[in-house]
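Please read the structure below before turning to the comments.
The values are calculated or read from the model by the stated rules, or taken from the named source; none is laboratory data. None of the values given here were measured: they were computed from a predicted structure. No Cβ is skipped: glycine too gets one built from the backbone with ideal geometry, and neighbour counts run over all protein chains shown.
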Amino acid sequence: MPQVPPAREKLRVSFEFFPPKTERMEEGLWAAIERLQPLSPDFVSVTYGAGGSTRERTHQTVKRILDESDLVPAAHLTCVDASRADIDAVIRQYRTTGVKHFVALRGDSQNGAGSPYAAHAEGYQSSADLVAGLKAIDPTIEVSVSAYPEKHPESPDFATDIDLLKRKIDNGATRAITQFFFDNDVFERFVERVRRAGIYVPIVPGIAPIHDFAKISRFAQGCGATVPNWLAARFEGLGNDPQTHSHVAAAVCAEQVLDLADRGFRDFHFYTMNRADLVYSICHILGLRPKTAVAVVPALAAAE
Ligand code: FAD
């Protein structure tokens, strides 16, 4: 049983959303934002579709978060399939709307994962160059980048990955958010490697609550995240039992984050899939409570 970590109040969380495609999805996203907002995340990030395919929708989502919530948005940005001039225009547009935090990524080609990456001839050549470009436009911009505890699937080895991570940090990024993972030992070993390479920024674990085990297993294969056998065993036979699936998912994820907290990690980035249910429960278990005043329950009020 994990120990209750001291100073739980010092834990920090951030939430990742994706830009909705339909009005119904938009309603779902906003229901999730309204539920999660009182937990006072450090920031919420909004993804950018492959090859910039959601450029407008990402922008609209980020703008709505700025206009209609107290949350601090971070806009994801990729350098694939776009010229430097196009990307700089997007950055400048964001700056005029008040966005100060970006998640700078290389991205994947729209041809799909697995097709070899080729930088745009007139574009940023790598995520490290994009970080430098963001800082050149405005040195006060906050930049987060990605990191891969099991290494990026295209990377020949950890050393290549960590060299690039170092370049991204040297160019001005101040936080790395990881790909999701399920084995905390793997994450801890990765952080040790990163520290040995002289990288001292926070390496924030990316946490994926499991809304659909079959789906996340398929997705994990594409992005090089291992699904351990013990995890598969936990979800065995639950394909048609959503209620038990959801309880098991909450238990598994709580176990993971409490263990990370026991190991001294204080920041957690949740891949929400635009859903609040599991994330809210897990944050509650982590000790986070809504900052806004909770309405007095009528029965209690009457008893006073
Ligand atoms: P980088 O960190 O730039 O590179 C990944 C690896 O590829 C490197 O470690 C290196 O081994 C290798 N590599 C890269 N360039 C070279 C080179 N020139 N020579 C040799 N090796 C090289 N995708 C989206 O489309 N939109 C998003 O919003 C999005 N958000 C993400 C958020 C997070 C936190 C993470 C972890 C991933 C996200 N992704 C997103 C996925 C990401 O775009 C893909 O994983 C992509 O394949 C790599 O982009 P990157 O910036 O992570 O890669």
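Listed values, structure above:
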{"quantity": "Residue list for region 126-185, filter: surrounded by fewer than 19 Cβ atoms within 10 Å (Cβ to Cβ), among the hydroxyl-bearing types (Ser, Thr, Tyr) and within 9 Å of the ligand (Cβ to nearest atom)", "calculated": "126, 155, 160"}
{"quantity": "Helices (runs of 4 or more DSSP H) completely within region 230-304 that count 1 or more residues being modelled with pLDDT of 95 or more", "calculated": "242-262, 277-286"}
{"quantity": "Residue in region 47-65 that is more than 19 Å from residue 93 (Cα to Cα), more than 16 Å from the ligand (Cβ to nearest atom) and not charged (D, E, K, R) present", "calculated": "no"}
{"quantity": "Odd one out for residue 122, checked against (1) part of a loop (DSSP other than H, G, I, E, B); (2) surrounded by 18 or more Cβ atoms within 10 Å (Cβ to Cβ); (3) among the acidic types (Asp, Glu)", "calculated": "(2)"}
{"quantity": "Residue pairs meeting the criteria (Cβ under 6 Å; at least 6 apart or on separate chains; first under 10 Å from residue 210 (Cβ atoms), in region 247-265; second of a type in the set (A, V, I, L, M, F, W, C))", "calculated": "249/210; 249/278; 250/278; 253/282"}
{"quantity": "Pairs with Cβ under 7 Å, 6+ apart, first in region 160-185 and touching a residue at least 40 places away in the same chain (Cβ under 8 Å) and among the aliphatic types (A, V, I, L, M), second part of a helix (DSSP H, G or I) and surrounded by 21 or more Cβ atoms within 10 Å (Cβ to Cβ)", "calculated": "173/131"}
{"quantity": "Meets criteria (within 14 Å of the ligand (Cβ to nearest atom) and either touching a strand residue (DSSP E or B) at 6+ places or on another chain (Cβ under 7 Å) or over 19 Å from residue 16 (Cβ atoms) (or both)) for residue 85", "calculated": "no"}
{"quantity": "Test: residue 217 is polar (S, T, N, Q) and buried (at least 22 other Cβ atoms within 10 Å of the Cβ)", "calculated": "no"}
{"quantity": "Scope region 174-229; condition assigned to a helix (DSSP H, G or I), within 16 Å of residue 152 (Cα to Cα) and out of contact with any strand residue (DSSP E or B) (no Cβ under 7 Å at 6 or more places or on another chain); matching residues", "calculated": "186, 189, 190, 193, 219, 220, 221, 222"}
{"quantity": "Hey, residue 227 away from the ligand (no atom under 15 Å from the Cβ), among the hydrophobic types (A, V, I, L, M, F, W, C) and in contact (Cβ under 8 Å) with a residue 12 or more places away in the chain or not", "calculated": "yes"}
{"quantity": "Count - residues of region 38-50 that are surrounded by fewer than 18 Cβ atoms within 10 Å (Cβ to Cβ) and in contact with a Gly (Cβ under 8 Å, 6 or more places away or on another chain)", "calculated": "1"}
{"quantity": "Positions within region 132-152 being on the phi < 0 side of the Ramachandran plot, in a loop (DSSP other than H, G, I, E, B) and out of contact with any Leu (no Cβ under 9 Å at 6 or more places or on another chain), in sequence order", "calculated": "138, 139, 140, 149, 150"}
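Residue-by-condition table, conditions (1) closer than 30 Å to residue 224 by Cα; (2) in contact (Cβ under 8 Å) with a residue 12 or more places away in the chain; (3) not in a loop (DSSP other than H, G, I, E, B):
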| position | (1), (2), (3) |
| --- | --- |
| 60 | no, yes, yes |
| 70 | no, yes, no |
| 80 | yes, yes, no |
| 92 | no, yes, yes |
| 95 | no, yes, yes |
| 99 | no, yes, no |
| 103 | yes, yes, yes |
| 110 | yes, yes, no |
| 130 | yes, yes, yes |
